[in-house]
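Colleague: Right, I'll just put the structure down here and ask away after.
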Amino acid sequence: MIMDGLAPELVWGLIPRCIGLLYVLAFGALIPQHDGMPGSVHMLSVRTQLARIRRDYPGLRRFFMYPTILWLNDSDASLRAIPYVGVTCGIGMIYGGPLGVYWLALACVLWLSIEMRGVLYPWDTMLQEAGFLALFLPATLPLPDWHASALPLPTVAFMFRWLVVRLMLGFGKDKFIGTTPRDFLYLRGFFVWMPLPSVLAWFGHHSPRWFLRASLYFMFYVEVIAPFLGLFAGPLRLIAYASLVALMFGIGATGSWGYFNLGYILLCTCLLDVRSSIFDLRSTGLGGAPELAVHAAMLALFALSMVYLPTNSWFTRSWPAYPVDLFALPRKWRKLVSVIHRMLWPARVLAPFRIVNGYGVFPPNALPPVRSQLVLEGSMDGVHWKQYGYKYIPSFPHSRPAYIAPYHARLDQWTYYVSVGIDTASLFGGVLPSGNPYTAGTRYNHFDLIAQRILRGDREILRALGHNPFPDAPPRRMRVSILAMTPTSPAELKATGNWWHIRRVGTYAKPRGVDNAPAELLLPEPEQFQPEFVEAKRTAQPLRLITSAFQSGMPADSAAIAGSDLSATDVERFWNEVVPELALARGDWTRIHERGSALGARYDDFELNRFERLLERFTWLLMLRTEPHHCGEAKPELPAMGRYRFHKLLHEVVLDGRESYLETLATPARIVERAKTSSDATQLWGFALLRYDHFMTFVTVFKSTDIARLSKEWGIPGIFEYYDLFVKVVPPGEEFVPRPVLADDGEHTVDGLYPPPRWQGQVSPQS
């Protein structure tokens, strides 16, 4: 009978094979994308990254921070070979037999090893977690027999079901906690701003309100209620299976999410074993200590999963690096938080291995039906610009929404996340999306590297892209622009073939010719790590050297450059030239462009980077002295503030000048009085000037997307605290700022863009 599910031996024989199929799809999709992904020899090679990590974290520590077999061989040839070996492993798992577990173990190691290349999407971590759990399953019989050789231990079977439940519940909690009646038309916007919408999503956006509301109610049932049914034996588990699979088909039909939808459906196969229960007393025949060890491992994984349950897919990657005081708690709570922090040490140690993860990616509030999209543009004269296109993600009025799942076009999807501010250069990279300090807050990002490859006539990157407006010769200049896109009406589509109305928001990356700076300055030095990564700074060899030098009695000017390529001449120029420059008009943001241009005209990118490093090194020494007033027991106490704001306060002290800096260094308690005269405008001033172009990029991002505004409203600390300052700045080249307004009926309007003008037989000017 159908309500009896499948035979348990068949279910648990299918699960490893399903995971093997996912490895085939995941690794196979990487093969044609090698040259367009981070990590290749053309886009800051893994070899470059690993060399930097070897220098900064000598010894065994680096293996636990960055677990990858590429430590053995980090050549581009190895990167090219890994996907082929991974596909072979997946095929071996599908065939089954006693060697299946070895194929699985190798696939897990390989998948984890290429994370440094940007393998970081929720379905990537889902695959890593499922693959690790599958190591505890009994061996499968070789094909043509699809059955398992035995049944798994009840705790192992439960953890598979718990993964299915936890993953869906993760998306549900993110999407529905904090919603209001005005968010009932959530899908109106979601169908537009999702990374890779399909044609059905485009038409879904035009659906009537009752359909959108009903769909959201169904999503609530499936994402919040139905997952729990999967924990019960019997028919309820089949109801959960049918509900979850139905939702996956719906999501999969409206957007391309790589292998996620298929992968989740395949993992739901474990729900077809309706007889298995955590309370079963049977044994698999392992007996004794091995069986008890597996039970203990599953219990530990369950406890670890409860730590991750409140987190989302991005937060889960970075929270282990957070200091205790991240949320700027009152001191009365800090001892308790410190105890909890220490208790979570095992979770922080295991986090880089991705064996347990948090899930959930979308905000609970309805966002306007507007896409933000970055595009590359080339020019021969610096005046007239032509736009490059992508293979799958829309960027032209005529771009037909594509459907490519289960293939995952990582370059295309990556451009979407960069468009909303989630990328390596993000000023909020300490919070989102990665726990890797080398890929957070970088001076440049991989868009800059792509532009440089195009300028140099690299045919491989052009093959990874779509439309090439310069087929005969590369352009002389490249820039990156931000576009705002919203769907046309079905009538306009029928008449013109245009799917989108588009307006240019502004410039993301300023025009550049051939330049070595993006490649050479992409990786930050440890002193340039985001303030949230204070523990990564504390243990990095370059900062340990200056800490040791300073604590041994060396003057600050000498300690700040100890063991580095920075010189005493750099120090003197910093104090005598740069600091006075940065002091001019400090905090007067009406003059930020004037001062930023003046500094850029006087110093090139390499010089500015060296001065920024000195600013951060002097800040580090000051932090060592003043930290007890911030998060310790020293009196007087600084007001409660997060690590980021504390860091920017220290910037102010450095930029007060050498004399004032040395006085505070000698008398750390002065920082409390200095904080009373500090403001948002003065705290960010120096950093904004030293990274003027980079800073203006994120002013544009903050103003054109909702991520910063929502983060400010949710109270997330860091750069978001300065949101009110950002939105008042008009960056160079700004043409349009989407200003969404949410009506009481749940519909959005965006002046000048949405809703588009009623079709009258003419294309609107912004199309």
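Each value in this text was obtained by applying a stated rule to the coordinates, not by laboratory testing. Keep in mind the model is a prediction, meaning the values are calculated, not measured. For neighbour counting, all protein chains shown are included, and Cβ atoms are generated from backbone atoms with ideal geometry for every residue, glycine included.
Colleague: Going Cα to Cα from LYS175, which lysines come in below 21 Å? Please leave out same-chain ones fewer than 8 positions away.
Modeller: LYS712
Colleague: Over the chain, what is the relative contact order in whole percent, taking alpha-carbon pairs under 8 Å and six or more residues apart?
Modeller: Computed value for the chain: 14 percent relative contact order.
Colleague: Ok, one more. How many angstrom lie between the C-alpha centres of the range 545-567 and the range 219-241?
Modeller: 60 Å
Colleague: Moving on. Using each residue's phi in the range 21-26, evaluate 6.51 cos²θ - 1.76 cosθ + 1.60 at θ = phi - 60° and report the 3J(HN,Hα) Karplus result to the nearest Hz, with x for Gly and Pro.
Modeller: For the range 21-26, the Karplus curve yields 4, 5, 5, 4, 5, 5 Hz.
Colleague: Could you rank the peptides 454-467, 367-380 by their average count of other C-beta atoms within 10 Å per residue, with the highest value first?
Modeller: 367-380, 454-467
Colleague: Using the basic label-point model (7 angstrom from Cα toward the beta carbon), what is the ALA300 to THR749 distance in nanometres?
Modeller: Roughly 6.0 nm, to one decimal.
Colleague: Measuring from label point to label point, each 7 Å out along Cα→Cβ, what is the ILE91 to GLU633 span in nm?
Modeller: A separation of 6.4 nm, rounded to one decimal place.
Colleague: Are any of the pairs LYS537/LYS648; LYS537/LYS676; LYS391/LYS703; LYS648/LYS676 more than 23 Å apart by Cα-Cα distance, and if so, which?
Modeller: LYS537/LYS676; LYS391/LYS703
Colleague: Which order do the peptides 499-506, 247-254 come out in when sorted by mean C-beta neighbours inside 10 angstrom, highest first?
Modeller: The peptides rank, most packed first, as 499-506, 247-254.
Colleague: Which FRET efficiency value, to the nearest 0.05, is calculated for GLU713 and ALA666 with the Förster distance at 30 angstrom and r the Cβ-Cβ distance?
Modeller: Efficiency for this residue pair is about 0.15.
Colleague: Projected onto the charge dipole of the chain (+1 at Lys/Arg Cβ, -1 at Asp/Glu Cβ, origin at the Cα centre), which of THR539, CYS18, ALA585 gives the Cα projection farthest towards the positive end?
Modeller: About the Cα centre, the residue reaching furthest to the positive side is CYS18.
Colleague: Would you work out which of HIS206, VAL420, ALA29 lies farthest towards the positive end of the dipole of the chain? Charges go on Cβ: Lys and Arg +1, Asp and Glu -1.
Modeller: Result: HIS206, furthest along the dipole toward the positive end.
Colleague: With a point put 7 Å past each Cα toward its Cβ, work out how far ARG342 is from ARG538 in nm, to one decimal.
Modeller: Roughly 1.3 nm, to one decimal.
Colleague: Note down the magnitude of the dipole of the chain about its Cα centre, charges +1 on Lys and Arg C-beta and -1 on Asp and Glu C-beta and zero elsewhere, to the nearest 20 debye.
Modeller: Dipole size: approximately 520 debye.
Colleague: Determine, from the Cβ-Cβ distance of VAL361 and LEU200 and an R0 of 22 Å, the FRET efficiency 1/(1 + (r/R0)^6), rounded to the nearest 0.05.
Modeller: Plugging the Cβ-Cβ distance into 1/(1 + (r/R0)^6) gives 0.60.
Colleague: Okay, next question. Looking at the chain from every direction and averaging, what is the projected area of its Cα convex hull in nm²?
Modeller: For the chain, averaging the hull's shadow over all directions gives 34.5 nm².
Colleague: Could you tell me the convex hull volume per residue, in Å³, taken over the Cα atoms of the range 330-414?
Modeller: 268 Å³
Colleague: Could you please state, rounded to a whole Å, how far the C-alpha centre of the range 706-747 is from the C-alpha centre of the range 334-390?
Modeller: For the range 706-747 versus the range 334-390, the Cα centre distance is 17 Å.
Colleague: Separate question: If neighbour count is taken as other Cβ atoms inside 10 Å, put SER243, SER548 in order from fewest to most.
Modeller: Exposure proxy ranking, most exposed first: SER548, SER243.
Colleague: A further question follows. When Lys and Arg each count +1 and Asp and Glu each count -1, what net charge do the other residues less than 10 Å away from ASN357, Cβ to Cβ, add up to?
Modeller: Overall, the nearby charge balance is +1.
Colleague: By a straight-distance test (C-alpha under 24 Å), which lysines pair with LYS386 as possible cross-link partners, with residues fewer than eight away in the same chain excluded?
Modeller: LYS510
Colleague: Please express the Cα-Cα pair-distance distribution P(r) of the range 540-579 as a list of whole percents, one per 10 Å bin, running from 0 to the bin with the greatest distance.
Modeller: 33, 48, 19
Colleague: Per DSSP helix of 4 or more residues, -39500 (n - 2.57); summed, then divided by the residues of the chain. What does that give at 222 nm, rounded to the nearest 500?
Modeller: Rounded to the nearest 500, it is -15000 deg cm²/dmol.
Colleague: Within 10 Å, count the other beta carbons around each residue, average over each peptide in 167-179, 62-74, and list them highest first.
Modeller: Going from most to least packed, we get 167-179, 62-74.
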